[in-house]
Structures are given as structure tokens and as C-alpha cells.
Amino acid sequence: MKFDKRWVLQTIWVTVLVLLVNSVRGDDEDGKKDAKAEDEYFQLMQLFADTFEQVERNYVKEVDRRKLMEAAVRGMLLELDPYSTYISPEELAQFNQRVEQEFGGVGIQVQIDPSSRRIMVISPLPDTPAYTAGVRAGDLIVEIAGEDTENMPLTRAVELMKGPPGDDVAVKVRHMSDGEEEDLSITRAIIQVKSVLGDHYRSDGQWEFMLDDENKIAYVRLTQFGRQSADELAEVLQQLKERGMKGLVLDLRFNPGGLLSQAISIADLFIESGTIVSTEGRNSEPRTWEASEPGTFSGFPMAVIVNRFSASASEIVSACLQDHKRAVIVGERTFGKGLVQNVVDVDQGRSAIKLTTAGYLRPSGANIDRYTAEDNQEWGVKPNDDLEIRMSRKELAQYSEARRERDILKADAPAEPSFEDKQLNTALEYLKGELSGKPADEKSDDAKDAPKEDGKKAA
């Protein structure tokens, strides 16, 4: 008995896809599947299989089946919302690295040097193999594992330097200080990528978190919500508490978010009781997370700085602290991403999809997501009254450049910032006013008459 190969392939496709859809969809409440709905599913899967088969057989040139399928998956998710995405096998390792905040490597940040077309060190990370071996900011990497780096793609350079902890990698470095070249054998280690940063590096290679030592006002930047972020922040807060911290600036600008669990844990560090956040979804039970008193850092005023690039987990934390009147919000209205994504393994774990499964609400019950907000409904997290400070594109570029300079680990002390950070200055003035018992805009006659400091302010 002969079978039509085309018919067999289509039947297999349709059967597999229907099973996949049903495994995600689940049974109805009574455990029975609606026949009409199942028929519609079959027809839709038939449409997909027919299209796939026609493209593969008759397109003008040969196509890669996997690329075609991945494109179909991406298109399916793109139809849903801006945040549901497909993570390919090539992207999955990098995605997991960002979440887990660690990888095997030598511990440097690099970029392409435009003049030499070689790999240049932006900054070594403190206490890493590269830093211990003597690699410093501005050094050029001439060779990696015997390969010349001239015109080498940045991805290739990173690939060569990463690897299993304990393995050695040969690196030839041209030092910026004297132009001399040095052959180094650097032993890879687990590199912990910190998400809790300070204002600048101290001479001992550690972050300085006490921005105003006279008034004991601390400054902490949180760049993402990774697996270790809450533990990192708790450790820093304990150190600052021991140093006599009286006020805190928490900088969430440009923070795109991350793990919901970490946002909840970080908000819980600052409030003793009450709702942190709640979530609601079509196929998930409503959930509410409450704060607990143990481990809370309280007794000092807080200002949280956000901007239009602060999103998701950043908005959970800032909204929670604002609703509980634990902190004021300074800066700009946040991005407005109030949807929760679950990462689901597919393709036997070789790839994954990030799928929106719920939306979250701030403690007040207000919406945050801009895309699902109804007309005239508020979204995002807005600064408190009189604390909205917007930055122009030019100012954002200046801030990024000034911030990049202070994020470099150098042997000498950091230079005075070349950019006046209006948002940070406003947060500092607010906290000084709170600590002195005066409103931030109330100044003494001496302060009003005092000359300005030529634009040199903390950044």
C-alpha cells in the first residue's frame, strides 16, 4: 500500500501542532473539549501546515526549515504584545546569563577601538582574573588565544574570552600607560555581574555608595533585577547602616526590569507591612504579595529616581514605595510596562518563549501598563508633585557619557563630573530638606546669597 508523502507529512504536522496547542490550552472546566472549537483548531493548523509545505516546496530558492519555523513562532508572538518573544538556542545562553548574573570568563568590559580596529578594554571588573593580571581601562587586546584581534568582531572576542572556569586563555595586551605589550595567561573564573552599583569606584576597587558624607546620604544604582539583586542590595544597605546612613537615593533610571520575585524582595526591604504588588491573568489565579517586617530597612527618608526608560520590575518597586509613602519619586514618568512574562521552555529545552500571562497592579489597585490602559486612565509611575524633572535628548547623552566615565575602574580618584545631573540634585535637595526639617525648596538667606559652584555638583 502506497502513501502520498505530502499527505503523510501534512497529517503529522497537523497532529503535532494540535497536540502542542492543546497541551498549552488545557481542558475545559468540565474536562470535555468542545467539538466545534477542536474543529476550528484543526482547520487553523491545516492552514499553517499547508503554508509551510507550499513555501518549502515552491519558494524561488531553498529555505532553512528551522529558520522558517522560528520566523512563524516569532510572528505568532508578535501578534500578541510587544513583550512576548521567542528566544532562540543561540540567544538562550545569553538570556540566562543576564538573569543569573554570572558566566565563566576573565572579567572585562570591552568595545571596538575605532582607531586601531582592535578590542579595547572599557573597564576591568574588580576582583576578577583580568584585573588581578594587570589589565586596565584603555588597554588594547592585541591577541586572544593566538588570534589577531585587528578587525575581529566583538562577538568573536567575547566568545574567545569566555569559557569554563579554571581554564586558561592566552591574551596579549598593549597597555595604554606605556604602550608596551605583555603576554598574559589568564585563568577564567565565575564572573559575578553586579546589578547594585554606587557613584564611583574607590581606590580599593570597590564602589562608593556614600554620596554625601556630611549629611550621610547614600546613593545606590540598580541596573537590573537579576537573580542576586535583592541579596546584593541587602548587603549594601547593611554596610551603609553601619556607616550611619540617614538618607537614601535609589536610582532606577534606565533599569528595564527583570525577575518579578526580585522586585518583590527588594520592595520588601523597605516596607514592613502591606501589599507590594498583585497580578491578574486570564488563565492564572489572582495573586497578592504582602510585605513582612523582618529584614526591613527603615527610619530614613528615601528618594527614588526614575525616567522614561524605567520599566517593569522598576515600576513595581517605585509604585510600591510611592503608594506606601515610603519614598518620593523624582524624575520622569516611567515606561508603563505592567505585564508579567513567564519563560517557558520549548523545543525540548533548546529554546524558550517569553509569554505574557498576567498584568500587575500597584498597591493602590491602579494600573501601570500603558498598552492596556483605557482612555483617560493613568499608567506608569509619575513623580511626586514638584519633583518631575525631565531630561532632553542632549542631556540624556551628556548624562550617559558622564556616567560611563565614572563607571571606569581607575588607579586615581574619579574626576569631578562634567554634567549637572538635575534629577539626582533634586533628589539630594529633597533629602537634605527632610533631614533638616525644612522643605527642599526652603533655603536660608546665606544659601540664597552664596555664589554658585561653577556647575560642579555630585553626579
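Laboratory data are not the source of any read-out in this text; all were calculated from the coordinates shown. Note that the structure is predicted; figures quoted are calculated from it, not measured. Cβ placement follows ideal geometry from the backbone for every residue including glycine, while neighbour counts extend to all protein chains displayed.
Compared with the direct C-alpha span, the chain from Glu214 to Lys422 gains 72.8 nm at full extension, assuming 0.36 nm per residue.
The distance between label points at Glu401 and Gln238 comes to 4.1 nm (points 7 Å beyond Cα on the Cα→Cβ vector).
Note on Lys354 and Asp127: the extension gain reaches 78.3 nm, defined as 0.36 nm multiplied by sequence separation minus the Cα-Cα distance. For the chain, with the dipole built from +1 on Lys and Arg beta-carbon atoms and -1 on Asp and Glu ones, taken about the Cα centre, which of His175, Gln206, Gln238 lies farthest toward the positive end? Ranked along the dipole, the leading option is His175. Just to be sure I understand: if I project the alpha-carbon convex hull of segment 103-192 onto a plane and average over all orientations, what area do I get in nm²? Here the figure is 5.0 nm², rounded to one decimal. From the largest down, segment 208-340 spans 52, 32, 26 angstrom on the principal axes of its Cα atoms.
Computed from the alpha carbon atoms alone, the convex hull of the chain holds 225 Å³ per residue. A simple spin-label model places pseudo-atoms 7 Å from Cα toward Cβ; at Leu78 and Arg202 they are separated by 5.0 nm.
Which percent, nearest 5, of DSSP beta bridges in the chain are antiparallel?
Here the antiparallel bridges make up roughly 75 percent for the chain.
Note on segment 103-192: with charges restricted to the Cβ of Lys and Arg (+1) and Asp and Glu (-1), its dipole about the Cα centre is near 340 debye. Shown in residue order for segment 105-121 are the 3J(HN,Hα) couplings computed by the Karplus curve 6.51 cos²θ - 1.76 cosθ + 1.60 at θ = phi - 60°: x, 9, x, 9, 9, 10, 8, 7, 7, x, 6, 9, 6, 10, 7, 10, 7 Hz (x for Gly and Pro). What are the trypsin sites (Lys or Arg not before Pro) within segment 314-357 that DSSP puts in a loop, where the Cβ has at most 13 other Cβ atoms within 10 Å? Loop-located and lightly packed - Lys325, Arg350.
Hydrodynamic analysis of segment 196-449 uses the Kirkwood radius over alpha carbon pairs. Inserted into Stokes-Einstein at 4 °C and 1.567 mPa s, it gives a translational diffusion coefficient of 67 µm²/s. Where both bridge residues fall in segment 168-327, DSSP classifies roughly 65% of the beta bridges as antiparallel. Beyond 24 Å in Cα-Cα separation lie the following of the pairs Lys325/Lys382; Lys67/Lys194; Lys246/Lys394: Lys67/Lys194; Lys246/Lys394.
Computed on segment 247-405, with alpha-carbon pairs under 8 angstrom and 6+ residues apart, the relative contact order is 23 percent. When the chain is described by a simple charge dipole with +1 on each Lys and Arg Cβ and -1 on each Asp and Glu Cβ, the residue from Val381, Tyr59, Met161 located farthest towards its positive end is Tyr59. Reducing segment 167-202 and segment 215-280 to their Cα centroids gives an inter-centroid distance of 29 Å. Across segment 169-177, computed HN-Hα scalar couplings (Karplus, 6.51 cos²θ - 1.76 cosθ + 1.60, θ = phi - 60°) run 10, 8, 9, 9, 10, 9, 6, 5, 5 Hz from first to last residue, x flagging Gly and Pro.
Label-to-label distance, Glu280 versus Arg393, with points set 7 angstrom from Cα along the beta-carbon direction: 3.9 nm. Only aspartates and glutamates eight or more places from Lys36 in sequence, or on another chain, were considered; those with a Cα closer than 19 Å are Asp27, Asp28.
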